[in-house]
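The values are calculated or read from the model by the stated rules, or taken from the named source; none is laboratory data. Since the structure is predicted, the reported quantities are computational estimates derived from the model, not experimental observations. Neighbour counts are summed over all protein chains in view; Cβ atoms, including those assigned to glycine, are modelled from backbone coordinates with ideal geometry. Just the protein is used for accessible areas: all its heavy atoms, side chains included, with ligands, DNA and RNA removed. Shrake-Rupley method; radii C 1.70, N 1.55, O 1.52, S 1.80 Å.
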Amino acid sequence: MKVMLSGGGTGGHIYPALALADVIKEKEPETAFLYVGSFRGVEKNIVPKTGIPFKQLHVQGFKRSLSLDNFKTVWLFLKAVKQAKKIIKDFQPDVVVGTGGYVSGAVLKAAQELHIPTVIHEQNSVAGVTNKFLAKGATKIGIAFPDAEAFFPAGKTELIGNPRAQEVAKMQSDFSWQTYGLSDDKKTLLIFGGSQGAPAINLATLEAIPAFNKRDYQVVLVAGPKRIDNFMRMLDEQGKILSANIKVLPYIDNMPAVMQKASVLVSRAGATSIAELTALGLPSILVPSPFVTGDHQTKNAKSLVDAGAALSIKEPDLNGESLVKAADALLTNDAQAKAMEGQSKKVGIRDAGDRFYHLIKEVID
């Protein structure tokens, strides 16, 4: 089998494709892969490390305001489609899989025009622009949230989840909180605003420090490598100290392993984060980013809240008081935390990678 993968811009588009590739490798080791990404996205730093052959196209997104730059966007897209056709003809894939981002739009459009089977994957509850554009010509569409079905043709759409969930569910963690001078016998609140940290979450945590100092549970804030110095400076300026049960870190590179040892997670409501925490059945406090297309993180979070699998705080309502209140609700109430853990597991699709694989086999066989 030959599989062409395309997804770019952010890790949320890239990691599902790579998780799918791992599942396919397990089931059909002789499968040949080619990943087509962009020159601008982070895929250029991530994909080559996996050993999967990688090619790049020049693409860019549309400006929301009237801009001459949008003419360049169209020109680059048409040029990328032409280049993608050549790549496809050279590789001769059995199927082309797109996981979102502008580059996948060009690659899958080229495949559709060449009558190659295409499968798209939508990670969020609100469909992205690229996937909506490709939907009519797609052979099959896999979605991670039931709400996303409304954006696509019902006859070709299936709920499969996010393959990142299966990848995380299978991981065995030997991580110990003692690594950071904490105890493995205490409940731990892990606060993670993404790989670069989130200013609003950091500020709320800063406000909450006096209250967290008095709690029996542990608190770990991942402030972000470029934001930790500012956090520590403000901590000092405000005359606040960290008790022994609080740690502030710049970054954690083995996050899924650490998440397995957390009691409650505070995070954004991105597709990858939700896939990971529901795969682990981890109770969570979600703070949706208001700066994303279609406000999709708010809708992602709502799907978990409605299922009783998470609490959510809107960013304008996030402060030290609301953060501590939510943390206390889950870390001092075992019954509520246990119920939420069960609902989180129920929402999670732990065999998403297998479902994605079978979806692909359907379009080939």
Going residue by residue through the stretch 176-183, is there one that turns out to be open to solvent by less than 10 Å² (accessible area, probe 1.4 Å) and among the small types (Gly, Ala, Ser)? no
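Would you mention how many residues in the stretch 266-284 are among the charged types (D, E, K, R) and farther than 11 Å from Gln297 by Cα? Step through it out loud before you land on a result.
Looking only at the stretch 266-284, we keep the residues that are among the charged types (D, E, K, R), and these are 268, 276.
Now narrow it down to the ones that are farther than 11 Å from Gln297 by Cα: 276.
Count: 1.
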Inside the stretch 1-57, the number of residues satisfying the requirement of being assigned to a helix (DSSP H, G or I) and either open to solvent by 20 Å² or more (accessible area, probe 1.4 Å) or closer than 15 Å to Glu167 by Cβ (or both) is 23
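Just need a number here: residues in the stretch 291-337 that are among the polar types (S, T, N, Q) and either over 22 Å from the mean Cα position of the chain (by Cα) or in a loop (DSSP other than H, G, I, E, B) (or both).
Step one: filter the stretch 291-337 for residues among the polar types (S, T, N, Q), giving 293, 297-298, 300, 303, 312, 319, 322, 332-333, 336.
Add one more test, that the residue is either over 22 Å from the mean Cα position of the chain (by Cα) or in a loop (DSSP other than H, G, I, E, B) (or both), and what stays is 319, 322, 332-333, 336.
Number satisfying all stated conditions: 5.
Against the condition open to solvent by 60 Å² or more (accessible area, probe 1.4 Å), out of contact with any Asp or Glu (no Cβ under 6 Å at 6 or more places or on another chain), in a helix (DSSP H, G or I) and in contact (Cβ under 8 Å) with a residue 24 or more places away in the chain, how does Arg355 come out, does it pass? So that I can check it myself, show each step before the final result.
Numbers: open to solvent by 60 Å² or more (accessible area, probe 1.4 Å): yes; out of contact with any Asp or Glu (no Cβ under 6 Å at 6 or more places or on another chain): yes; in a helix (DSSP H, G or I): yes; in contact (Cβ under 8 Å) with a residue 24 or more places away in the chain: yes.
Against the criterion (open to solvent by 60 Å² or more (accessible area, probe 1.4 Å), out of contact with any Asp or Glu (no Cβ under 6 Å at 6 or more places or on another chain), in a helix (DSSP H, G or I) and in contact (Cβ under 8 Å) with a residue 24 or more places away in the chain), Arg355 qualifies.
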For Ile201, all conditions in the list (1) touching a residue at least 24 places away in the same chain (Cβ under 8 Å); (2) of a type outside the set (D, E, K, R); (3) within 23 Å of Leu108 (Cβ to Cβ); (4) part of a helix (DSSP H, G or I) hold save one; what is the number of the exception? (3)
Residues being in contact with a helix residue (DSSP H, G or I) (Cβ under 7 Å, 6 or more places away or on another chain) and hydrophobic (A, V, I, L, M, F, W, C): count how many of those fall in the stretch 287-330. 12
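Could you pull out every one of the strands (runs of 3 or more DSSP E) wholly within the stretch 70-168 that has 2 or more residues that are open to solvent by less than 10 Å² (accessible area, probe 1.4 Å) and touching a residue at least 24 places away in the same chain (Cβ under 8 Å)?
Numbers: elements: 95-98, 118-122, 140-143, 157-159.
In the stretch 70-168, the matching strands (runs of 3 or more DSSP E) lie at 95-98, 118-122.
Look through Gly193, Gly161 and report the one residue that is closer than 21 Å to Ala329 by Cα and not hydrophobic (A, V, I, L, M, F, W, C).
Values: Gly161 fails: closer than 21 Å to Ala329 by Cα.
Answer to the selection: Gly193.
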The one condition in (1) free of Cβ contacts under 8 Å to residues at least 24 places away in the same chain; (2) within 19 Å of Ile274 (Cα to Cα); (3) small (Gly, Ala, Ser) that Gly193 fails to fulfil: (1)
Selected residue (criterion: farthest from Pro163 (Cα to Cα)) from residues of the stretch 97-128 that are β-branched (Val, Ile, Thr) and over 17 Å from the mean Cα position of the chain (by Cα): Ile116
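Matching residues to (1) exposed (fewer than 15 other Cβ atoms within 10 Å of the Cβ); (2) of a type outside the set (Gly, Ala, Ser):
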residue	(1), (2)
Asn300	no, yes
Ser303	no, no
Ala307	yes, no
Glu315	no, yes
Gly320	no, no
Leu323	no, yes
Ala327	no, no
Gly342	yes, no
Lys346	yes, yes
